[in-house]
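What follows is a single structure, written as structure tokens, with notes after it.
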Amino acid sequence: MSVWRSTVRHEVAATCRERLPQLVLSVFVAMTGAAAFIGSSAKETVSGVYREAAAQALTTAANPFDGVSPLYYARNNVIYIILIGALLAIVTGVQSTIRDRRAQTIDLVLSRDVRPVSYLGAKLSGIALMLAGLLVLTAFLSFAGIGAVTGTVPTPGESLRLLGLYGLAWLFLMAFVTFGMISGIRAAGATPALLMPIVAWSIIVFILPLAGTAALPVSLLNPVPAPVVAPEGFFALSSTVTGPLSLGEQFKHAALLLLQDPAATGTITAPLLTILAVLTGGCVVLLATSRHRLRSPIHA
């Protein structure tokens, strides 16, 4: 068996044994599996209020949920991917490299004719396969949840859009995996290795969008794009700088376009290219790690 295949298999097995990733994984699967039912409950609550208001002649507007697409029930998955999925990716990436430094297995591996780029590439591939399997499972749960809530099977077009959402999520999560692996390689200890990418995640997901919009902080926890700001003043200037760096908002925008959300406008091209650029940059930095850096000791 080749070194590449052995490393990929070992990475998948070792990751599946880690308790912290298992915990975050369980929460992620549970929330994405329940997303359709949570969306259905919200719809029934709002519709009930609407019917009562209409019966009392307090409104003449149409029910906002009339004719809603079945893909509406996958909207909550977008925010779960940004919040829980990204943390899972970070923890998995950090544990992947910290594990080898702590056990000093990296010294044994690199004592043979194995290049660092090949070793790190195989580890990254193992995590990529694991995340792909996870997203296939969550996609199946989404299909099942939508079918149970609506009583119908999603059409081929809707199914492709849902698969597109999870394909985009894979790219998004892999970017955070590279952040975690880089931190696990370069940090002096396990605690800062985990803390640094989580701080970076919080800046990307929360602080940068707030610096570029006048949105309330709580609005960033909703599965809708941040509101567009007026083209003048401080926010118009800052949004030009922070917009492309707000990876969470970029993913949210592209995901809601795939889900045909009426609040999302524009095209998927720019957000997709942004996510690909960040992932590519993370891979380049990770795979350029030197042999000496990989063998650096970890402090307790």
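For Asp107, the conditions (1) farther than 30 Å from Val285 by Cβ; (2) modelled with pLDDT under 75; (3) surrounded by fewer than 16 Cβ atoms within 10 Å (Cβ to Cβ) all hold with the exception of (1). For the range 152-202, taking the residues that are over 20 Å from the mean Cα position of the chain (by Cα) and closer than 26 Å to Gly93 by Cβ, the one that is most open to solvent (accessible area, probe 1.4 Å) is identified as Arg186.
Can you confirm whether Val149 is in contact with a Phe, Trp or Tyr (Cβ under 8 Å, 6 or more places away or on another chain), modelled with pLDDT of 90 or more and either open to solvent by 20 Å² or more (accessible area, probe 1.4 Å) or not in a helix (DSSP H, G or I) (or both)? Criteria not met by Val149. Restricting the search to helices (runs of 4 or more DSSP H) fully inside the range 69-118 and requiring at least 1 residues that are aromatic (Phe, Trp, Tyr) gives 75-80.
Answer with yes or no whether Val91 is at pLDDT below 85 and either open to solvent by less than 60 Å² (accessible area, probe 1.4 Å) or polar (S, T, N, Q) (or both). Answer is no for this residue.
The values are calculated or read from the model by the stated rules, or taken from the named source; none is laboratory data. All figures in this text were calculated on a predicted structure; none of them were measured in a lab. Glycine also receives a Cβ, built like all others from the backbone with ideal geometry; neighbour counts cover every protein chain displayed. The protein model used for the area step is the full one, side chains on, heavy atoms only, and it has no ligands, DNA or RNA in it. Shrake-Rupley method; radii C 1.70, N 1.55, O 1.52, S 1.80 Å.
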